[in-house]
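J.: Okay, here's the structure, questions in a sec.
Laboratory data are not the source of any read-out in this text; all were calculated from the coordinates shown. The structure presented is a predicted model; accordingly, all values stated were derived computationally and were not measured. Every residue, glycine as well, gets a Cβ built from its backbone with ideal geometry; the counts of neighbours run over all protein chains shown.
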Amino acid sequence: MTALRFLSSVLFVVCCYMQTFASGFGLIKIPVAPLREEPAHEAEMGTQAMLGTPVALDRIVDGEWWELTMPCGYHGYIHVSSIKTLTEDEAGRWRASRRMMSTAASAPLINEATGRAAGYAPFGSVLEFAGHTSGSGLLLLMPDGTRVVADEADFTSLEEMSERRPGSETVERVVERAFTMLGAPYLWGGTTVAGPDCSGLTQLCWREAGVILPRNASQQARVGIEIPSIEEAQRGDLLFYTSRTGRVDHVALYLGDGELIQSSGWVWHGTMSIDTDSGLKFYARPVASIRRIFAAENLPLLADNPLYFNLSEDTD
């Protein structure tokens, strides 16, 4: 038995190193994959990657961890079991294919061949379109090629998502997404609607407007237009807070009229005004800075992301 286990370990490592030379491009092949700060299961989780998220693969570390970069620019480590590697040609074909993004909190997936459950697609997951069923179902391809059936109401075409632009007319989409997360527990590094951290919440919300915000609050604080005071803040603006050392350590979504929604302990709707009869929980921390996304230029748009699209083919 010991010999068999040793042989299995050797074969696993060999397979990992074969993947090293397979491609610099991969897709997340499980519903939610943790991205670690170090190549170890016990390491801190820095963020999460959803099913079908494209990633830039750098190298294999310690025989079983991919060092990689996310579409938002975040860098870290994911276990090889969570990644489907693609060759350069396969990656180009995937980027040019018709794809669907999950816009449901959790879209159930059914294996077309067996009729059994095949997992789920959290909000932000991306799967290739393969057709329609006779009813209201979508046929989609998992990263490993498995054909699954999903409810069409749970998905929006990636093309449509990429055509969205942040503007005053898209702010309500952003705010509505935030309210779908009310009551969700705070999770450090979380980027799902089931448990986001503070910047995970704002990143998820602004994806509704075709924007891929950076991962951390300190990075998001450098995006968009600076607003000088809370009196000039508008619905959809990002509110930033700093630690005693002056480091940005928290972000919330402004709702207007002194109200905000944030992930702090859990996702909750609060007020910055102590003199109010709204019944909302009071948030006492002073706002350090405010950024406006919907009126800004040079934003990190989904449409401009080279992991999602073959950009060179779209230019003259």
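J.: Quick check on the exposure proxy: order M50, M45, M181 from fewest to most C-beta atoms within 10 angstrom. Show your work: numbers first, answer last.
T.: Working: M50 20, M45 16, M181 23.
Ordered from fewest to most neighbouring Cβ atoms within 10 Å, M50, M45, M181 come out as M45, M50, M181.
J.: Would you work out if the stretch 14-141 is rounded, prolate or oblate? Take a ≥ b ≥ c from the square roots of the eigenvalues of the alpha-carbon gyration tensor; rounded if a/c is under 1.5, else prolate when a/b is larger than b/c, oblate otherwise. Each step should come with its number before you reach the end.
T.: On the way: a/c = 2.01, a/b = 1.62, b/c = 1.24.
It is prolate, given that a/c is not under 1.5 and a/b is the larger ratio.
J.: To two decimal places, what compactness ratio does the stretch 253-296 give when its Cα radius of gyration is scaled by 2.2 N^0.38 Å?
T.: Compactness ratio reported: 1.22.
J.: Let me ask something additional. Which of the listed residues, N298, Y241, G52, is farthest toward the dipole's positive end in the chain, when Lys, Arg count +1 and Asp, Glu count -1 at the beta-carbon?
T.: Checking the options against the dipole of the chain, the answer is G52.
J.: Any chance you could give the angle, 0 to 90 degrees and rounded to 10, that helix 198-207 forms with the longest Cα principal axis of the chain?
T.: 80 degrees
J.: May I pose another question? On C-alpha positions alone, give me the angle between the axis of helix 2-20 and the longest principal axis of the chain, in degrees, nearest 10.
T.: That works out to roughly 70 degrees.
J.: While we're on this one: I need to check one value: relative contact order of the chain, counting alpha carbon pairs closer than 8 Å and at least 6 residues apart, in percent.
T.: Working: 703 pairs, mean separation 44.2, N = 316.
Reported as a whole number, the value is 14 percent.
J.: Please give the charge dipole size of the chain, origin at the Cα centre, charges +1 on K and R Cβ atoms and -1 on D and E Cβ atoms. Round to the nearest 20 debye.
T.: Taking the Cα centre of the chain as origin, the dipole is about 620 debye.
J.: What list do you get for Y254, Y77 if you sort them by fewest beta carbons within 10 Å?
T.: Y77, Y254
J.: Between rounded, prolate and oblate, where does the stretch 166-300 land on the alpha carbon gyration tensor, with a ≥ b ≥ c its root eigenvalues, rounded for a/c under 1.5, else prolate if a/b exceeds b/c?
T.: rounded
J.: Only counting other Cβ atoms within 10 Å, I'd like T85, T271 sorted with the fewest neighbours first.
T.: Ascending number of Cβ neighbours within 10 Å: T271, T85.
J.: For the chain, what does -39500 (n - 2.57) per DSSP helix run (n ≥ 4), summed and divided by total residues, give at 222 nm, in deg cm²/dmol to the nearest 500?
T.: So the calculated ellipticity at 222 nm is -5000 deg cm²/dmol.
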